[in-house]
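The values are calculated or read from the model by the stated rules, or taken from the named source; none is laboratory data. Predicted model, so just to flag it, every value in this text is computed and none were measured. A quick note on method: Cβ atoms are made from the backbone with ideal geometry, for glycine too, and the neighbour counts reach across all protein chains shown.
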Amino acid sequence: MSLKLLIVDDSQVCLVLTRGYIQSIRADWVCTITESAEQAMALIEKQHFDAYALDYHLPGRNGLELARWIRQRDPQCFIGLLTSNMLNYVEDQAISDQLHYYRKPAKPDVIKQFVSDVEGYTLCT
């Protein structure tokens, strides 16, 4: 199943590693990367993505705010919050907002779970 995934993280290292892990599992997925919520929003305005992997700490808006903006546009899409933020508030809010929550570091086992969750989810239309 070919899928378009947008990965948003302010760390270039995390972007490259996450994309690499995902593409080692699903080479047919098209993974676009960007470093800020504003850049992500501009991309989303121009093209459709099936799923999203968002960091919490982003320049400008945080990952939860970006996820809410995405949900307004596409209420049923898959959004995963991959973050090293250990505050209970962030995890609780992610769950309340019906986001999938993953803790960094985004090692292969975490990314395998993310990919499995995306594959099992009814994708955006």
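Quick look at the values:
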quantity: Single condition GLU65 does not satisfy, out of (1) surrounded by fewer than 18 Cβ atoms within 10 Å (Cβ to Cβ); (2) at pLDDT below 85; (3) in contact with a helix residue (DSSP H, G or I) (Cβ under 9 Å, 6 or more places away or on another chain); calculated: (2)
quantity: Qualifying position, being surrounded by fewer than 16 Cβ atoms within 10 Å (Cβ to Cβ), among the hydroxyl-bearing types (Ser, Thr, Tyr) and closer than 18 Å to VAL118 by Cα, among SER24, SER11, SER84; calculated: SER24
quantity: Any hit, region 34-56, residues being assigned to a helix (DSSP H, G or I), of a type outside the set (Gly, Ala, Ser) and within 21 Å of GLU119 (Cβ to Cβ); calculated: no
quantity: Total residues in region 87-106, condition loosely packed, with under 14 Cβ neighbours inside 10 Å and either under 17 Å from TRP29 (Cα atoms) or more than 15 Å from the chain's Cα centre (by Cα) (or both); calculated: 5
quantity: Number of the exception - ASP109 against (1) within 14 Å of LEU6 (Cα to Cα); (2) assigned to a helix (DSSP H, G or I); calculated: (1)
quantity: Contacts under 8 angstrom Cβ, first residue in region 48-61 being at positive phi, partner of a type in the set (S, T, N, Q), 6 or more apart; calculated: GLY60/SER36
